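To start, the structure itself, in structure tokens.
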There are 2 protein chains.
Amino acid sequence: MKRIIFLLVAAATVAGVIAFRASASGRADGEAAPIFGVKIPPGYRDWRLVSVAHEAGNLNDIRAILGNDPAIEAYREGKLPFPDGTIIARIAWSYVPSEENNKVFGRAQSFVPGSAPDWYLQFMVKDSRKYAATGGWGFAQFDKDGKPSADEAQLKTCFPCHEPVKARDFVFTRYTP
Amino acid sequence: MKRIIFLLVAAATVAGVIAFRASASGRADGEAAPIFGVKIPPGYRDWRLVSVAHEAGNLNDIRAILGNDPAIEAYREGKLPFPDGTIIARIAWSYVPSEENNKVFGRAQSFVPGSAPDWYLQFMVKDSRKYAATGGWGFAQFDKDGKPSADEAQLKTCFPCHEPVKARDFVFTRYTP
């Protein structure tokens, strides 16, 4: 009996910890993006890292690409296509020089994340039946307040742009060990 | 009894999954870096993201900063100093243009991780007693083969360089939500 109580207390503690973490592990607003109906997946900010990138030009952002467990496992095993349930998250921040770092280095060399642009969060969700018309992928974009920030016309441009990387199941980002 | 067997099987499965993951979740060579005696912490590649950065100039790398659970919790709660047991990992890759991405964008704007430089992996390990002389932090650097790649003289330069950010417990990188 003591053991059962211990287990119940342990389970409640774990549940509490998970609930606490969820609140700190990314925005989750509940509003679905157009066309594909994708919502911000809870806890995405706790996902493991796929890779990083800098997009210059008009975007001028620095970004991290994270993956849920099915994504990371498929990447590491080189498994293509990605299995249903895969979600890839892309977080972008404006690309700004770090004055405090540069002061230490003695020159302007350090670039870090700044504010969140309108294209702050993007998700690719794999569901080969639901999204059969777009290579099995649903696409969504959200701003810093968790609001969908790409309209139907914009989201329709996602898949055509990803088509050149069909050989990698339409995913641009490579896993970087 | 059936339930006990189920639990044993479940525990064995979890252990197996953890063992599998560990092998894919980063290099772990066992060789300790000089001065501070820091080894590559197992599973660091599975840690959560703190932030990203681009260092231009001589380094010319793009990097991800990851943290173990105590690190991420302290960052999110704004808790300073970081508690003993905190480890912050910095993975750096050479900064290269992505020709395949640029072809799709129609211009040279996409920069991604390339090969692993000599300064591939760095770790800051918090142990306020063991590393009392250097603000409570031990420092280490490893190359792509998991070999320590900074000698004593180089590692002695870590702490003086981090001293300007004493107010943030000697940690440069800010958490980026």
Karplus-derived 3J(HN,Hα), 6.51/-1.76/1.60, for each residue of the stretch A:126-140, Hz, glycine and proline x: 8, 8, 5, 7, 4, 10, 4, 6, 10, x, x, 10, x, 10, 8
Quick check: from the Cα gyration tensor, does the stretch B:54-120 come out rounded (a/c under 1.5), prolate or oblate? prolate
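Can you give the extra length, in nm with one decimal, that the chain gains between residue B:103 and residue B:174 once fully stretched, where that is 0.36 nm per residue apart less the Cα-Cα distance? Before the final figure, lay out the partial values.
Details: separation 71, 0.36 × 71 = 25.56 nm, distance 3.36 nm.
So the chain would gain 22.2 nm between residue B:103 and residue B:174.
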Leaving ligands, DNA and RNA out of it, work out the accessible area of residue A:99 with a 1.4 Å probe and give it in Å² to the nearest 10. 150
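Could you work out the per residue convex hull volume over the alpha carbons of the stretch B:93-177, in cubic angstrom?
On the way: hull volume 12.1 nm³, N = 85.
Hull volume over Cα atoms, normalised by residue count, gives 142 Å³.
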Given backbone amide H placed at 1.01 Å from N, residues whose amide H is under 5 Å from that of residue B:120, ignoring those fewer than 5 places away on the same chain, are B:144
Report, to one decimal in Å, the Kirkwood hydrodynamic radius for the stretch A:37-176 based on all distinct Cα pairs. 16.0
Have a look at B:119, B:78, B:138 and report the one farthest towards the positive end of the charge dipole of the stretch B:41-177, computed about the Cα centre with Cβ charges (Lys/Arg +1, Asp/Glu -1). B:78
Work out how much length residue A:147 to residue A:84 would gain on full extension: take 0.36 nm times their residue separation and subtract the Cα-Cα distance, in nm to one decimal. 20.2 nm
Charge dipole (debye, nearest 20) of the stretch A:25-144; +1 at Cβ of Lys and Arg, -1 at Cβ of Asp and Glu: 180
Once R0 is set to 25 Å, what does the formula 1/(1 + (r/R0)^6) return for the Cβ-Cβ distance between residue A:69 and residue A:163, expressed as a FRET efficiency to the nearest 0.05? 0.40
Non-local amide H neighbours of residue B:96 (under 5 Å, H modeled in plane, Pro and chain starts lacking H): which ones? B:112, B:114
Accessible area buried, both sides summed, chains B and A with 1.4 Å probe, Å²: 3900
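Please state the charge dipole magnitude for the stretch A:87-153, taken about the Cα centre, from unit charges on C-beta atoms (+1 on K and R, -1 on D and E), reported in debye and rounded to the nearest 20.
So the magnitude is around 300 debye.
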From the backbone phi of the stretch B:76-89, what are the Karplus-calculated ³J(HN,Hα) couplings (6.51 cos²θ - 1.76 cosθ + 1.60, θ = phi - 60°) in whole Hz, Gly and Pro given as x? 5, 8, x, 7, 10, x, 4, x, 4, x, 4, 10, 10, 10
Rounded to whole Hz, the Karplus (6.51, -1.76, 1.60) HN-Hα couplings of the stretch B:53-59, x for glycine and proline: 6, 10, 9, 7, x, 4, 5
Taking H as built 1.01 Å from N, whose amide H comes closer than 5 Å to the amide H of residue A:38, not counting residues under 5 places away? A:33
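The values are calculated or read from the model by the stated rules, or taken from the named source; none is laboratory data. All of these numbers come straight from a predicted model, not from anything done at the bench. Positions of Cβ are generated from backbone atoms using ideal geometry, with glycine treated the same way; all protein chains shown enter the neighbour counts. We work out accessible area using only protein heavy atoms, side chains counted, and drop any ligands, DNA or RNA first. Shrake-Rupley method; radii C 1.70, N 1.55, O 1.52, S 1.80 Å.
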